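Structure below; questions to follow.
Just so it is clear, none of the values below were taken in a lab; they were calculated from the coordinates. Only a predicted model underlies this, so the values are computations on that prediction, with no experimental measurement involved. In this analysis, Cβ positions are derived from the backbone assuming ideal geometry, glycine residues included, and neighbour counts consider all displayed protein chains.
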Amino acid sequence: MSTFRKQVKEWGKTIAQPSVSRLSESTMNELRTALTEQLKQPDGPTPEIADILKKISREARQNNIPPEELIVIFKELWNSLAESLRPQNADQYERVRQRLVTLCIQAYYAE
């Protein structure tokens with residue numbers, strides 16, 4: 001790999017760093033774990049992911065985090081995990097991600 005390509009790759013890593021989340025560290029760790037498991041089972045949402053999405057939505061409401069910001073946090077984490085696992089079928093992972101975003105929005109407005 002050329003020096004230029006290496007440098008561009010490093011810049012991409014710097015630029016793509018997730019923003020600081022206003023969700024608690026423990027909640028982010030739970031979400032990270034649940035999403036990692038979800039990425040291993042791309043056929044559809046796992047029961048665990050539905051529970052953690054309810055939890056993060058509840059915490060977001062309590063901390064006055066708007067739903068748009070919650071979705072950004074979710075997508076940044078999903079994308080960083082998916083990139084590290086390098087999924088074989090990107091379309092399948094995108095469909096699951098879209099379903100999870102929908103579940104997240106529904107959980108946010110459920111209560």
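List every residue pair whose Cβ atoms lie under 6 Å apart, where the two residues are 6 or more positions apart in sequence or sit on different chains, the first residue falls within the stretch 74-98 and is surrounded by 14 or more Cβ atoms within 10 Å (Cβ to Cβ), and the second residue, located anywhere, is among the charged types (D, E, K, R).
Qualifying pairs under 6 Å: TRP78/ARG97.
Do the conditions hold for VAL72, that is, is it of a type in the set (A, V, I, L, M, F, W, C), farther than 20 Å from SER21 by Cα and within 14 Å of the chain's Cα centre (by Cα)? First the steps, then the outcome.
Details: of a type in the set (A, V, I, L, M, F, W, C): yes; farther than 20 Å from SER21 by Cα: no; within 14 Å of the chain's Cα centre (by Cα): yes.
For VAL72, the condition - of a type in the set (A, V, I, L, M, F, W, C), farther than 20 Å from SER21 by Cα and within 14 Å of the chain's Cα centre (by Cα) - is not met.
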